[in-house]
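Participant: For reference, the structure I am asking about is given below.
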Amino acid sequence: MCGIVGILGQHEAAPMLVEALKRLEYRGYDSAGIATVNDGALDRRRAVGKLVNLSDLLVHEPLAGKSGIGHTRWATHGAPNLINTHPHQTRRVAVVHNGIIENYRDLRADLAKAGVRHQTETDTETVALLAQHYLDEGANPEEAARRTIARLEGAYALAFLFDGESDLMIVARKGSPLAIGHGTDEVYIGSDAIALAPMTDRVTYLEEGDCAVLTRSSITITDPDGNPVTREERTIQLDAARVDKAGHKHFMSKEIAEQPTVISETIAAYVVSNASDIKLPGDGIDFTEINRLTMASCGTAYYACLTAKYWFEQLAGLPVEIDFASEFRYRAPPVTDGTAALFVSQSGETADTLAALRYCEGKAQSILSVTNVPQSSIARESDLSMPIHAGAEIGVASTKAFTCQLTVLFLLALKAAHARGRITDEGLRAKLEAVRGLPAILNQAMGVEEHVRSISQRLAESRDALFLGRGLMFPIALEGALKLKEISYIHAEGYASGELKHGPIALIDEKMPVVVLAPRNALFDKTVSNMQEVMARGGNVILITDAAGARDASDGVWQTIVMPDVDFDLTPILYALPVQFLAYHTAVTKGTDVDQPRNLAKSVTVE
């Protein structure tokens with residue numbers, strides 16, 4: 001979602017703000033702007049579209065000042081045009097905001113009664129106008145900001161900058177993340193630590209409902225009741241916050257290529273050196289006390305959970321319920337004794353997933369999470385949080401985070417299976433040896449990229465596509481379809497192969513490409529039978545299989561992508577790779593914005 005940055009510094013703020021905003025581009029945005037205080041005077045510059053447009057504007061209309069705030073906007077209330085672009089500014093205050101102010105219409109009505117008129121369609125302008133109203137009534141900046149915040153309902157990360165106040169910034173968070181960076185006679189804010197990495201490695205994360213008054217020499221934080229509090233200062237790993245393409249054309253290409261390396265790091269974090277056991281953070285979890293697992297996530301993370309459902313049920317004999325986090329709490333499911341709740345989120349700030357977690361607080365026996373940000377809200381509010389060690393993922397379409405999520409979930413399922421007596425010590429050791437060999441197999445599988453690139457030249461001409469898979473390949477079919485439509489804008493659907501005859505087969509004709517995921521396993525013959533039904537109706541099959549599957553089922557298919565052999569339980573992690581390549585090269589062929597596809601945001605921090 002929207003990106004927020006702020007600086008109270010010793011140098012000109014504008015270039016630093018723009019550079020910090022560039023590091024937040026991956027979150028998705030459609031306009032950008034900055035505001036500064038220079039010689040006591042508040043001013044701003046805004047532009048629609050990419051940050052380069054704002055940079056160009058600043059060349060022709062420079063903005064001086066060593067205090068400033070910046071914003072990349074992903075439109076929610078109001079079209080992505082200049083008037084709706086942040087920062088929103090009145091005579092004496094400028095505001096940037098990530099989130100949704102749910103009661104902004106009521107606040108607008110109250111302001112209208114006081115003769116205050118709105119100029120934009122946004123909910124955020126209401127925040128600026130309300131603060132200005134309190135200033136006009138005689139409140140000082142801190143009082144105006146606090147009175148404004150007290151009236152807001154919904155989710156927000158907010159930063160206020162005031163005319164005449166070059167050494168003051170007021171920030172607050174509720175439902176949207178916000179971090180404070182510590183410098184020498186400087187202070188910074190950001191909705192993501194990545195934005196702050198070039199300026200500092202010392203960060204304090206605000207807690208839910210916190211408000212902070214910042215100057216260059218002091219930080220005063222209060223909780224939702226107005227009580228002064230101290231929040232922990234953490235040191236962030238700058239290497240994990242690096243944002244560069246490393247010679248690749250796109251971040252997505254780089255992140256696909258990084259998977260053997262980051263999965264190796266994930267494995268090293270959880271598998272003991274002699275591959276005889278799995279170590280979990282903290283006190284871990286006693287799976288002998290768990291009789292049911294409830295899982296909830298969104299988007300690609302939901303497909304990671306769907307894959308894990310097979311592992312937990314088949315390996316550990318643990319019943320699993322899975323739901324979209326956006327539906328979970330509205331369904332108000334009963335959480336029975338002995339239930340553990342597991343939540344997966346790349347950012348650890350996904351609004352629906354966080355709300356689902358909070359629904360389970362006080363109900364579930366244990367709350368577990370799998371995230372890529374150990375300091376995130378979801379991680380902090382879990383009994384057991386398992387980082388995936390993927391490093392910063394910049395491409396909006398998740399690749400390495402997905403396969404690292406799968407790796408952690410598989411190891412957790414193995415841990416549960418061993419604890420519950422479903423797998424012996426020797427069986428666990430054999431599975432862990434297979435896991436440790438996975439990075440090398442992924443490296444080998446990278447060799448299919450050129451073949452996939454050639455297939456994508458024709459796939460790019462299609463308007464629709466189907467992805468089919470059975471068992472562990474079904475979630476990967478869903479993920480492959482999601483990737484293709486996310487970045488190439490080709491309509492695609494994923495189905496369990498056995499569902500083909502229950503409707504989707506009506507779509508098959510000579511123009512329909514059908515991607516079939518079918519490693520040579522116990523379900524292979526049934527999947528091939530479904531594939532034959534597609535070919536009998538003129539569908540163009542792209543078969544993704546192993547050498548044995550290619551030997552037995554390649555006759556008549558349009559294209560075959562041959563993957564290395566791997567332990568059957570690890571096929572979802574391996575077979576995610578070719579569907580990522582298919583989506584990527586199809587999008588490149590079509591010329592779409594691979595890293596920042598239209599209408600999408602990396603972190604969905606509002607409902």
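The values are calculated or read from the model by the stated rules, or taken from the named source; none is laboratory data. Computed from a predicted model, the values in this text were never measured in an experiment. Here the Cβ is made from the backbone with ideal geometry for all residues, glycine too, and neighbour counts use every protein chain on show. The accessibility values were calculated without ligands, DNA or RNA, using every heavy atom of the protein model including side chains. Shrake-Rupley method; radii C 1.70, N 1.55, O 1.52, S 1.80 Å.
Participant: Among the residues of the range 49-97, which ones are closer than 30 Å to S217 by Cα, of a type in the set (A, V, I, L, M, F, W, C) and surrounded by fewer than 23 Cβ atoms within 10 Å (Cβ to Cβ)?
Facilitator: The answer is L58, L63, A64.
Participant: Which residues, counting only those in the range 40-81, are within 30 Å of D185 (Cβ to Cβ) and touching a residue at least 60 places away in the same chain (Cβ under 8 Å)? Walk me through it before giving the result.
Facilitator: Step one: list which residues in the range 40-81 are within 30 Å of D185 (Cβ to Cβ), which gives 40-46, 51, 54-55, 57-59, 61-72.
Passing the criteria: G40, A41, L42, G65, K66, S67, G68, I69, G70, H71, T72.
Participant: Being within 25 Å of G68 (Cα to Cα) and of a type in the set (S, T, N, Q) is the filter here, so list the residues in the range 94-143 that pass it.
Facilitator: Listed by number, the residues that qualify are N98, Q119, T120, T122, T124, T126, Q132, N140.
Participant: Taking the range 154-172, which residues are aromatic (F, W, Y) and more than 19 Å from G190 (Cβ to Cβ)?
Facilitator: F162
Participant: For E449, only one of the following conditions fails: (1) out of contact with any Lys or Arg (no Cβ under 9 Å at 6 or more places or on another chain); (2) in a helix (DSSP H, G or I); (3) open to solvent by less than 20 Å² (accessible area, probe 1.4 Å). What is its number?
Facilitator: Condition not satisfied by E449: (3).
Participant: For the range 8-48, how many residues are open to solvent by 50 Å² or more (accessible area, probe 1.4 Å), charged (D, E, K, R) and at negative phi?
Facilitator: 5
Participant: Failed condition for I378, given (1) over 26 Å from S253 (Cα atoms); (2) in contact with a Ser or Thr (Cβ under 8 Å, 6 or more places away or on another chain); (3) modelled with pLDDT of 95 or more, with all others met?
Facilitator: (3)
Participant: Here's another thing I want to ask about it. Hey, among the residues in the range 98-131 that are surrounded by fewer than 17 Cβ atoms within 10 Å (Cβ to Cβ) and in a helix (DSSP H, G or I), which one's farthest from the chain's Cα centre (by Cα)?
Facilitator: Here the answer is K113.
Participant: Going through the range 548-559 one residue at a time, which ones are over 13 Å from F524 (Cβ atoms) and open to solvent by less than 30 Å² (accessible area, probe 1.4 Å)?
Facilitator: Hit for the range 548-559 is V557, nothing else.
Participant: Also, I was wondering about something else. Would you tally the residues in the range 56-73 being hydroxyl-bearing (S, T, Y) and at pLDDT 95 or above?
Facilitator: Result for the range 56-73: 1.
This table checks each residue for (1) open to solvent by less than 10 Å² (accessible area, probe 1.4 Å); (2) of a type in the set (V, I, T).
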| site | (1), (2) |
| --- | --- |
| S497 | yes, no |
| G538 | no, no |
| T545 | yes, yes |
| T571 | yes, yes |
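Participant: What number goes with the only condition from (1) open to solvent by 10 Å² or more (accessible area, probe 1.4 Å); (2) of a type outside the set (V, I, T); (3) closer than 21 Å to E12 by Cα; (4) not in a loop (DSSP other than H, G, I, E, B) that A159 does not pass?
Facilitator: The one condition A159 does not meet is (1).
Participant: Need a quick list: helices (runs of 4 or more DSSP H) entirely within the range 334-434 having at least 3 residues that are surrounded by fewer than 23 Cβ atoms within 10 Å (Cβ to Cβ).
Facilitator: 351-360, 400-419
Participant: Another question, if that's okay. Across the range 361-394, what is the number of residues that are touching a Lys or Arg at 6+ places or on another chain (Cβ under 8 Å) and small (G, A, S)?
Facilitator: 3
Participant: Tell me, yes or no, whether the range 173-192 has at least one residue that is part of a loop (DSSP other than H, G, I, E, B), of a type outside the set (K, R), surrounded by fewer than 16 Cβ atoms within 10 Å (Cβ to Cβ) and at positive phi. Before the answer, list the steps.
Facilitator: As a first pass, look at the range 173-192 and keep what is part of a loop (DSSP other than H, G, I, E, B): 176-178, 183-186, 191-192.
If we keep only those that are of a type outside the set (K, R) as well, we get 176-178, 183-186, 191-192.
Filter again for surrounded by fewer than 16 Cβ atoms within 10 Å (Cβ to Cβ), leaving 184-185.
So of that shortlist, the ones also at positive phi come out as 185.
Within the range 173-192, one or more residues are part of a loop (DSSP other than H, G, I, E, B), of a type outside the set (K, R), surrounded by fewer than 16 Cβ atoms within 10 Å (Cβ to Cβ) and at positive phi.
Participant: So if I check each of D201, D210, which one is surrounded by 20 or more Cβ atoms within 10 Å (Cβ to Cβ), in contact with a Ser or Thr (Cβ under 8 Å, 6 or more places away or on another chain) and more than 29 Å from L582 (Cα to Cα)? Spell out the reasoning first.
Facilitator: On the way: D201 fails: surrounded by 20 or more Cβ atoms within 10 Å (Cβ to Cβ).
One residue alone meets the criteria, D210.
Participant: On to the next question. Of all residues in the range 137-156 being among the hydrophobic types (A, V, I, L, M, F, W, C) and not in a helix (DSSP H, G or I), which is farthest from I180 (Cα to Cα)? Break it down stepwise before answering.
Facilitator: Just the residues of the range 137-156 that are among the hydrophobic types (A, V, I, L, M, F, W, C), to begin with: 139, 144-145, 149-150, 152, 155.
Remaining after also requiring not in a helix (DSSP H, G or I): 139, 152, 155.
Details: A139: 25, L152: 22, A155: 18 Å.
This residue is A139.
Participant: What are the residues in the range 480-533 that are touching a residue at least 60 places away in the same chain (Cβ under 8 Å) and more than 16 Å from R470 (Cα to Cα), if any? If you could, list the steps in order and put the result at the bottom.
Facilitator: If we filter the range 480-533 for residues that are touching a residue at least 60 places away in the same chain (Cβ under 8 Å), which is where we start, we get 480, 482-484, 486-490, 515, 517, 530-531.
Correct list: L482, K483, L484, E486, I487, S488, Y489, I490.
Participant: Would you be able to say whether some residue in the range 463-473 is free of Cβ contacts under 8 Å to residues at least 60 places away in the same chain, farther than 23 Å from V396 by Cβ and either polar (S, T, N, Q) or surrounded by fewer than 19 Cβ atoms within 10 Å (Cβ to Cβ) (or both)?
Facilitator: Checking the range 463-473: not a single residue is free of Cβ contacts under 8 Å to residues at least 60 places away in the same chain, farther than 23 Å from V396 by Cβ and either polar (S, T, N, Q) or surrounded by fewer than 19 Cβ atoms within 10 Å (Cβ to Cβ) (or both).
Participant: Quick check on my filter: what residues within the range 137-195 are without any contact (Cβ under 8 Å) to a residue 40 or more places away in the chain, out of contact with any strand residue (DSSP E or B) (no Cβ under 8 Å at 6 or more places or on another chain) and of a type outside the set (S, T, N, Q)?
Facilitator: Across the range 137-195, the qualifying residues are E137, G138, A139, E143, R147, A150.
Participant: Just to be sure, is D167 touching a Leu at 6+ places or on another chain (Cβ under 8 Å) and open to solvent by 20 Å² or more (accessible area, probe 1.4 Å)?
Facilitator: yes
Participant: Is it true that G65 is touching a helix residue (DSSP H, G or I) at 6+ places or on another chain (Cβ under 9 Å), in a loop (DSSP other than H, G, I, E, B) and either within 20 Å of E19 (Cβ to Cβ) or of a type in the set (A, V, I, L, M, F, W, C) (or both)?
Facilitator: Yes, satisfied.
Participant: Cβ-Cβ under 7 Å, sequence separation 6+ or interchain: first residue in the range 381-393 and within 14 Å of C360 (Cα to Cα), partner surrounded by 24 or more Cβ atoms within 10 Å (Cβ to Cβ) and of a type in the set (S, T, N, Q). Which pairs?
Facilitator: Every condition considered, the pairs that remain are S382/S369.
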